[in-house]
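Step one of this worksheet: look at the structure below.
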Ligand SMILES: [Zn+2]
């Protein structure tokens, strides 16, 4: 099992400067590779990330000697990215998906960062040791023990982070007998089929006014001015803070669920489709269903449990969890489910959660 731990770094200004140069090198090399790919393809050649890497390595000493100032992983990573970008493009096109041609990386819109291969660093306590750069302080110790595979150093807002991937032996886990169905919602983050409720702390909503104010202030600043850059960074820090608060809530609630239940049924929500409705988008983005499901699956599976997704067209809200009668329609405003056949009267979301558990168990039994 491979797990990643993302840790905030406290680099010296010299180290931060090195990180920025390494990230810049990766971006430059990626853009060089992409431009060459286009040029060679148009000239009737068959470029590949590997052939381009060889060509780059042959000329870098003469044309781009500054790439030697940072780890050679920055160059390697750029060609790994280029290979991945074209693989994604070709495979997507083959599968009939709408995938754009790989784009040049602009400094502004690009998530800055670079990789370190596992023989190019080591970790001990609160320190990340990078040859030629020295010891970089980490805000926390690495949480996982195992074989270190790679590190990815990235910048978010004004901070640098390292994400370390570790391969861990699969430890046998005690089976958790609990079973639960989860109805994800906007008012509440989740309603459980056993009556439990996870409240949705809406960090975005309470911080939204600040975001709006800062966005307005940013748009009033002169393009390319120092003040604009300051405002942009302030907004980026605020967005990052919102993500932290939100993920913290999601981590805590999904860990609690994974500890307690060995079998969990959830709706396979079509988040992308729902996001197209702008009125719902804010609340949905805030509730972060996608992140919730991702966290939940990885934690439950790490403990040897099962998350069974229920198809998004399964009418979990309209079905009576007692007699199975399906209502023709149910308004969003009806918060209580009342069955016209058997008379069951139940909280709408609780009824849906019970149905999700039943349907998940049915699907799971069928797949075995
Ligand atoms: Zn009924």
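The values are calculated or read from the model by the stated rules, or taken from the named source; none is laboratory data. All of these numbers come straight from a predicted model, not from anything done at the bench. Please note: Cβ atoms are built from the backbone with ideal geometry, for glycine as well, and neighbour counts cover all protein chains shown.
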Of 86, 64, 104, which residue is touching a residue at least 60 places away in the same chain (Cβ under 8 Å), touching a helix residue (DSSP H, G or I) at 6+ places or on another chain (Cβ under 9 Å) and surrounded by fewer than 19 Cβ atoms within 10 Å (Cβ to Cβ)? 104
Looking only at the stretch 47-61, how many residues end up being surrounded by 17 or more Cβ atoms within 10 Å (Cβ to Cβ) and assigned to a helix (DSSP H, G or I)? 5
So residue 222 passes all but one of these: (1) in contact (Cβ under 8 Å) with a residue 40 or more places away in the chain; (2) farther than 27 Å from residue 297 by Cα; (3) not in a helix (DSSP H, G or I). Which condition number does it fail? (1)
So how many residues does the stretch 309-319 have that are over 19 Å from residue 196 (Cα atoms) and either outside any loop (DSSP other than H, G, I, E, B) or within 14 Å of the ligand (Cβ to nearest atom) (or both)? 5
Given the options 296, 269, name the one that is modelled with pLDDT under 80 and either within 27 Å of residue 365 (Cβ to Cβ) or away from the ligand (no atom under 16 Å from the Cβ) (or both). 269
Counting only residues that are away from the ligand (no atom under 14 Å from the Cβ) and either outside any loop (DSSP other than H, G, I, E, B) or surrounded by fewer than 12 Cβ atoms within 10 Å (Cβ to Cβ) (or both), the stretch 329-349 contains a total of 7
With 144, 161 as the choices, which residue is in contact with a strand residue (DSSP E or B) (Cβ under 6 Å, 6 or more places away or on another chain), surrounded by 15 or more Cβ atoms within 10 Å (Cβ to Cβ) and assigned to a loop (DSSP other than H, G, I, E, B)? 144
